[in-house]
Amino acid sequence: MSTAEASRSRLRFDTVLIANRGEIAERVKRACLALGVRPVAIASEADAAEAPALEEGGPLCVGPATAAKSYLNQAAVLLAARVSGAGAVHPGYGFLSENADFAEALEKAGLIFIGPPASAIRTMGDKIAAKRAMLDAGVPCVPGPGEPLPDDVAIISRMADEIGYPLIIKASGGGGGKGMRVVRESDEIADAVSMTREEARRAFGKPELYMEKFLEKPRHVEFQVLCDEHGNAVWVGHRDCSLQRRHQKVVEEAPAPGIDPELAAATGARCAEACRQIGYRGVGTFEFLYENGAFFFIEMNTRLQVEHPVTEATAGVDLVVHQLQVAQGQAIDPIAFDRPASGHAFECRINAEDPDTFAASPGRITLVRFPTGEGVRVDTHIHDGYRVPAYYDSLIAKLIVHAPTRAQAIELMRKALAETRIEGIATNLPLHMKIFNDHDFIRGAVDIHYLEKRLKEGFSADA
Ligand code: ADP
């Protein structure tokens, strides 16, 4: 047996089914190939029609265009894994990536889910349980009890007075920025609770609500973690994702500017400790609101994030390769992650959408040209002649730059944006150009409402 064969025979899997589409499917495929693991792609009928001819007969079709019938169809994805001989499934982000039932179904079928144990997904998917777990681990949370609201309005009013107004009522089962309501005055609380409860019941099938202080001008700062099954857990830097529209991130950067290194180290260490306590495995992200020099936990994402490349650039690691290695049972070396971020990185999410109205703009791309050169990375699945389907998220590419300083990274992103050409459909490239020429953004550390405010003002240069 050769050394390569011997090391392969120790692997838990030699084939990975990539249960996703678009840029992230390409990204995961690259990591598989880097490790000598065979990637197998899936596609809906809509995506299969656009798939470039692949070596081994192309992706396995898992159903019609509608995501519910293809990428979210657990039985079809499981069957694809069986047919392809995969030993593990990488869910990417979105779709089935935070579905505890799917993780469990794979396990029952003898397959490895490349992600945390189902129990961790379940705890973190329930916001009250997540907040309680974080309070237990000493992670700083938004002021307010990590407990469900009672039915009695008088008790709720007293709790609200204790927290202080303004406050936010949130559905424990909520997600995607839905199932939340801000309350500014005590006479609004009773109606707000009953309306949010009804919404929660209907949208998430769970009426539980909780309440916490509403922060007026926070930034969104998140910590990347990586854990193995041997008790090692590390944090791998932080990112600022404050530039959002309708709770959707538009531009991300690493590291988050202007954060006290000691506070960051203490918060990151708490996140790693929380991971050990809940038996976490794989990559994950702790999302915080950051206001007046303090961090407040809001939620944990138990999967790879869209914005992971900015951390890869500044930490000098390949998070997806680590994800695969951890799933193979390998141990991570905590010392290798114990170093400061190097330089500064930005990511622009390029969407197929009108830059002014934000209406989706599916259709045929006639020409694509991406920039190249030192410090520039493009994660994408599009090519000349590619038709953007109307059925899925509008993200078509991520443009990532990395330079020694934040100012140099901004300069590099401007050049990279100017060199990018996507013709045939509308994209938000012009919006990114405005952002990278915006005075306050260039100065750094804008809050989560900043982009929407500038959009309302029409991005007039003098504002
Ligand atoms: P979801 O799971 O729906 O994304 P989150 O808890 O992450 O819910 O909150 C989504 C967004 O709502 C946050 O990014 C932030 O903009 C806002 N938000 C949530 N909690 C608060 C709070 N306590 N104060 C101010 N804004 C908040």
* Asked: Scanning the stretch 126-148 for residues that are part of a loop (DSSP other than H, G, I, E, B) and more than 15 Å from the ligand (Cβ to nearest atom), which turns out least open to solvent (accessible area, probe 1.4 Å)?
  -> Ala137
* Look at Val77 and say whether it is under 30 Å from Ile365 (Cα atoms) and not in a helix (DSSP H, G or I). => no
* Restricted to the stretch 167-204, and to residues that are more than 24 Å from the chain's Cα centre (by Cα) and part of a loop (DSSP other than H, G, I, E, B), which residue is surrounded by the most Cβ atoms within 10 Å (Cβ to Cβ)? -> Arg184
* From the list Ala86, Ala109, which residue is more than 15 Å from the ligand (Cβ to nearest atom), touching a residue at least 40 places away in the same chain (Cβ under 8 Å), more than 22 Å from Glu307 (Cβ to Cβ) and of a type in the set (A, V, I, L, M, F, W, C)? -> Ala86
* To do: Pick out, from the stretch 374-463, the helices (runs of 4 or more DSSP H) lying fully within it that include 2 or more residues that are within 16 Å of the ligand (Cβ to nearest atom) and surrounded by 15 or more Cβ atoms within 10 Å (Cβ to Cβ).
  => 450-456
* Only one of these is within 12 Å of the ligand (Cβ to nearest atom) and out of contact with any Gly (no Cβ under 8 Å at 6 or more places or on another chain): Phe204, Phe214. Name it. => Phe214
* Structure fact -> With the first residue restricted to the stretch 46-68 and required to be modelled with pLDDT under 95, and the second required to be open to solvent by 70 Å² or more (accessible area, probe 1.4 Å), Cβ contacts under 6 Å at 6 or more apart or on different chains are Ala48/Cys61; Glu50/Arg387
* Pick from the stretch 281-306, criterion outside any strand (DSSP E or B) and open to solvent by 10 Å² or more (accessible area, probe 1.4 Å), ranking: nearest to Trp235 (Cα to Cα) -> Arg281
* Structure fact -> Gly237 fails exactly one of (1) under 27 Å from Asp356 (Cα atoms); (2) surrounded by 21 or more Cβ atoms within 10 Å (Cβ to Cβ), namely (1)
* What number of residues within the stretch 255-281 are closer than 25 Å to Glu216 by Cβ and more than 16 Å from the ligand (Cβ to nearest atom)? -> 10
* To do: Filter the stretch 92-105 for residues that are assigned to a helix (DSSP H, G or I) and under 22 Å from the mean Cα position of the chain (by Cα) and give the result.
  => Ala100, Asp101, Phe102, Ala103, Glu104
* **Residue selected from the stretch 149-166 under the condition hydrophobic (A, V, I, L, M, F, W, C) and in a helix (DSSP H, G or I), by the criterion nearest to the ligand (Cβ to nearest atom)** => Ile163
* To do: Could you please find all residues in the stretch 38-49 being outside any helix (DSSP H, G or I) and more than 19 Å from Leu78 (Cβ to Cβ)?
  => Ala49
* Output for the stretch 108-125, where each listed residue is β-branched (Val, Ile, Thr) and in a helix (DSSP H, G or I) -> Ile121, Thr123
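Let's see how each residue does on (1) open to solvent by less than 40 Å² (accessible area, probe 1.4 Å); (2) out of contact with any His (no Cβ under 8 Å at 6 or more places or on another chain); (3) at positive phi; (4) of a type in the set (Lys, Arg):
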| residue | (1), (2), (3), (4) |
| --- | --- |
| Ala46 | yes, yes, no, no |
| Val62 | yes, yes, no, no |
| Arg82 | no, yes, no, yes |
| Gly87 | yes, yes, no, no |
| Phe95 | no, yes, yes, no |
| Glu104 | no, yes, no, no |
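Condition check ((1) over 20 Å from Ile24 (Cα atoms); (2) within 23 Å of the chain's Cα centre (by Cα); (3) β-branched (Val, Ile, Thr)) across all residues:
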site: Glu307; (1), (2), (3): no, yes, no
site: Val310; (1), (2), (3): no, yes, yes
site: Ala313; (1), (2), (3): no, yes, no
site: Gly316; (1), (2), (3): no, yes, no
site: Ile335; (1), (2), (3): yes, no, yes
site: Ser342; (1), (2), (3): yes, yes, no
site: Glu347; (1), (2), (3): no, yes, no
site: Ile350; (1), (2), (3): no, yes, yes
* State which residue pairs qualify: first residue in contact (Cβ under 8 Å) with a residue 40 or more places away in the chain and within 23 Å of His432 (Cβ to Cβ) and inside the stretch 225-252, second residue open to solvent by 20 Å² or more (accessible area, probe 1.4 Å) and among the acidic types (Asp, Glu) in any location, beta carbons under 9 Å apart, and separation of 6 or more residues or different chains. => Ser242/Asp447; Gln244/Glu452; Arg245/Glu452; Arg246/Glu452
* To do: Looking for whichever is of a type outside the set (D, E, K, R), outside any helix (DSSP H, G or I), touching an Asp or Glu at 6+ places or on another chain (Cβ under 9 Å) and away from the ligand (no atom under 11 Å from the Cβ) here; the options are His230, His238. Which one fits?
  => His238
* Asked: In this structure, does Glu188 turn out to be out of contact with any helix residue (DSSP H, G or I) (no Cβ under 9 Å at 6 or more places or on another chain) and away from the ligand (no atom under 11 Å from the Cβ)?
  -> yes
* From the residues in the stretch 89-102 that are of a type outside the set (A, V, I, L, M, F, W, C) and without any contact (Cβ under 8 Å) to a residue 60 or more places away in the chain, which one is nearest to His322 (Cα to Cα)? -> Asn99
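The values are calculated or read from the model by the stated rules, or taken from the named source; none is laboratory data. Note that the structure is a prediction, hence the values are computed from the model and not measured. Please note: Cβ atoms are built from the backbone with ideal geometry, for glycine as well, and neighbour counts cover all protein chains shown. Just the protein is used for accessible areas: all its heavy atoms, side chains included, with ligands, DNA and RNA removed. Shrake-Rupley method; radii C 1.70, N 1.55, O 1.52, S 1.80 Å.
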